[in-house]
1. Select, from V68, V115, the only residue that is surrounded by 19 or more Cβ atoms within 10 Å (Cβ to Cβ) and free of Cβ contacts under 8 Å to residues at least 40 places away in the same chain.
2. If I ask for residues that are of a type in the set (F, W, Y) and exposed (fewer than 13 other Cβ atoms within 10 Å of the Cβ), which ones from region 19-43 would you list?
3. Filter region 69-99 down to the residues that are β-branched (V, I, T) and under 9 Å from G110 (Cβ atoms) and list them by number.
4. Given the criteria under 17 Å from the mean Cα position of the chain (by Cα) and over 13 Å from I35 (Cα atoms), does V108 qualify?
5. For L14, which of the numbered conditions (1) touching a Phe, Trp or Tyr at 6+ places or on another chain (Cβ under 7 Å); (2) loosely packed, with under 15 Cβ neighbours inside 10 Å; (3) of a type outside the set (D, E); (4) free of Cβ contacts under 8 Å to residues at least 40 places away in the same chain fails to hold?
6. How many residues are of a type in the set (K, R) and surrounded by 15 or more Cβ atoms within 10 Å (Cβ to Cβ) when one looks only at region 236-283?
7. Exactly one of (1) over 18 Å from the mean Cα position of the chain (by Cα); (2) polar (S, T, N, Q); (3) surrounded by fewer than 20 Cβ atoms within 10 Å (Cβ to Cβ) is unmet by S83. Its number?
Amino acid sequence: MHYDILFPHLGITLNHVGKTISVFGFDVAYYGIIIGTAILLGFWIATSEAKRTGQNPEDYLDMGIFGVIVGIAGARIYYVIFSWDMYKDNLLDIFNLREGGLAIYGGVIGAVMAVLICAKVKHISAPLIFDTIAMALVNGQMLGRWGNFFNREAFGEYTDSLFAMKLPVDAVRSGDITDLMWKNVQSVDGVQYIQVHPTFLYESLWCAVVLLVLFLYRKHKKYNGELFLMYLFGYGLGRAWIEGLRTDQLILPGVGLPVSQLLACTIVVITGVMMIYMRKRHK
């Protein structure tokens, strides 16, 4: 297998980008390291925001542990449900997270469920909790996409644009290679490469913008829950068009449309209406 990743129009060549790193003789997946880092930073962001807003940071440490477990479970369940053909013949693969397979929207759904439960148990306003963790969530999505980079997954269709990315054919799943990619396969030093949209990069940069907007606006919010609505609206807006570029979309059975793209569009409409309504109500 070949491990080089190229961005030809940017003049960038990354040699031997592996999927794992050896730590004391054990192979640790970069995907796991990135997710772990995102979780730790998420704890720091949420507790810092709790302290700034006069809440008890320890509440968010307790809720965070529960939320991470439920969020990861939700992300995996969402992915498995809409990729059932990959797991139906080997159910143990459902528990193998080393190769990726976490759907962001499943994680968000799990996090929302965890917040509602924790708000009830700890007698804290759910909208306030949502606002406090909004930046932590988008930070996790921003960093988490780089796990897709190391796994050579979640990329888009063939392109010859400025940010086009070349991946060795033998380093990606054959099912993710479209006819258009095959028609444009290129050989570099005897190695076949497909050239695709780096959608992981697009989404990571989009999330960075959403994170910056939330950070700058947080002191000016008009009501509890506004930051979370802005997060859902902003992320959904970007995901709606980025998802359309991908070749590994999770398809809604019986409909034949990308489930995450449909969900993103729905969230944009609902949160957009809610923000307009709440703005008028609190004006």
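The values are calculated or read from the model by the stated rules, or taken from the named source; none is laboratory data. Model, not experiment: these values are computed from the prediction. No Cβ is skipped: glycine too gets one built from the backbone with ideal geometry, and neighbour counts run over all protein chains shown.
1. On the way: V115 fails: free of Cβ contacts under 8 Å to residues at least 40 places away in the same chain.
After applying the criteria, what remains is V68.
2. Step one: list which residues in region 19-43 are of a type in the set (F, W, Y), which gives 24, 26, 30-31, 43.
If the condition is that a residue be of a type in the set (F, W, Y) and exposed (fewer than 13 other Cβ atoms within 10 Å of the Cβ), then F24, F26 are the ones that fit.
3. Taking region 69-99 first, the residues β-branched (V, I, T) are 69-70, 72, 77, 80-81, 94.
I69, V70, I72, I77, listed by residue number.
4. Numbers: under 17 Å from the mean Cα position of the chain (by Cα): yes; over 13 Å from I35 (Cα atoms): yes.
So V108 fits the description; yes.
5. Single failed check for L14: (1).
6. At the first step, the residues of region 236-283 found to be of a type in the set (K, R) are 239, 246, 279-281, 283.
From what's left, surrounded by 15 or more Cβ atoms within 10 Å (Cβ to Cβ): 239, 246.
Qualifying residue count for the region: 2.
7. (1)
One line per residue, one yes/no per condition, for (1) farther than 30 Å from M86 by Cβ; (2) out of contact with any Cys (no Cβ under 9 Å at 6 or more places or on another chain); (3) assigned to a helix (DSSP H, G or I); (4) modelled with pLDDT of 95 or more:
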{"site": "L162", "(1), (2), (3), (4)": "yes, yes, no, yes"}
{"site": "D170", "(1), (2), (3), (4)": "no, yes, yes, no"}
{"site": "I194", "(1), (2), (3), (4)": "no, yes, no, yes"}
{"site": "S204", "(1), (2), (3), (4)": "no, yes, yes, yes"}
{"site": "A208", "(1), (2), (3), (4)": "yes, yes, yes, yes"}
{"site": "L214", "(1), (2), (3), (4)": "yes, yes, yes, yes"}
{"site": "L229", "(1), (2), (3), (4)": "yes, yes, yes, yes"}
{"site": "G234", "(1), (2), (3), (4)": "yes, no, yes, yes"}
{"site": "Q249", "(1), (2), (3), (4)": "no, yes, no, no"}
